[in-house]
1. Just need a number here: residues in segment 81-130 that are part of a strand (DSSP E or B) and not polar (S, T, N, Q).
2. Evaluate the following for Arg131: is it loosely packed, with under 13 Cβ neighbours inside 10 Å and basic (Lys, Arg)?
3. State the number of residues belonging to segment 23-54 that are in contact (Cβ under 8 Å) with a residue 24 or more places away in the chain and in contact with a Lys or Arg (Cβ under 8 Å, 6 or more places away or on another chain).
4. Being among the β-branched types (Val, Ile, Thr), surrounded by 16 or more Cβ atoms within 10 Å (Cβ to Cβ) and out of contact with any strand residue (DSSP E or B) (no Cβ under 9 Å at 6 or more places or on another chain): is that true of Ile167 here?
5. Kindly list, by first and then second residue, each pair from a residue in segment 1-17 that is touching a residue at least 60 places away in the same chain (Cβ under 8 Å) to a residue that is among the charged types (D, E, K, R) and assigned to a helix (DSSP H, G or I), limited to pairs with Cβ atoms under 6 Å and residues at least 6 apart or on different chains.
6. State the number of residues belonging to segment 44-97 that are surrounded by fewer than 22 Cβ atoms within 10 Å (Cβ to Cβ), more than 13 Å from the chain's Cα centre (by Cα), within 26 Å of Thr144 (Cβ to Cβ) and not aromatic (Phe, Trp, Tyr).
Amino acid sequence: MIYLASNSPRRRALLEQIGVSYQQFAVEIDETMVNNESPQNYVKRLALEKAQSSYTALLNNPTSPQNIAVLGADTIVVFHQRLFGKPTDLAMAYSMLKQLSGNSHQVMTAVALVTSQQEQVRLNLSTVYFRSMSDTEIRSYIATSEPFDKAGSYAIQGLASVFIERIEGSYSGIMGLPLYETATLLMELGLFSIGQNYETKL
């Protein structure tokens, strides 16, 4: 049984997009950054700790299946070596979007897989290029409330798509779950194959 250690509707939708059968089981963790921790190490650590914490909780639940695999993921936005997480208020969302306007930034998403046999982490790096946005556009976008549960204060699959000139990397990774890396991890353990939940029509 595959479990997704995330409450993100976007990650759920992405897993369902490729036909992975799963159940959701997420445990809250401390997301405080360690001193001198690089963005890459930070996002990989959080993805792994999310998967580990959920795996441990499931093991301690007598109703859990015998063989379980837990996927964890974390996404951060990095602009000039500064991390942009989820905004906590209007001012923070405005500040983030104002800085991203007319510039490029990196989106880092790590995905981790924890089973009884092993723990693996993969990192996806993408670059997003924003066109310049007027103050009116930024404030109007914030008024939609779309930025408030998104790293960097925007959703590539939402209204913010009109601000994005181009990307280099993984669209699904920017959304929050890089499907290439995720599928590769699952396939290596025989937990996923192309079309496993669909009838072959050929």
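Each reported figure results from applying straightforward, stated rules to the coordinates on display, with no laboratory input. Please read all numbers here as calculations on a predicted model, not as lab measurements. Positions of Cβ are generated from backbone atoms using ideal geometry, with glycine treated the same way; all protein chains shown enter the neighbour counts.
1. Matching residues across segment 81-130 total 19.
2. No.
3. Of the residues in segment 23-54, 3 are in contact (Cβ under 8 Å) with a residue 24 or more places away in the chain and in contact with a Lys or Arg (Cβ under 8 Å, 6 or more places away or on another chain).
4. The answer is no for Ile167.
5. Ala5/Lys50
6. Looking only at that region, the number is 9.
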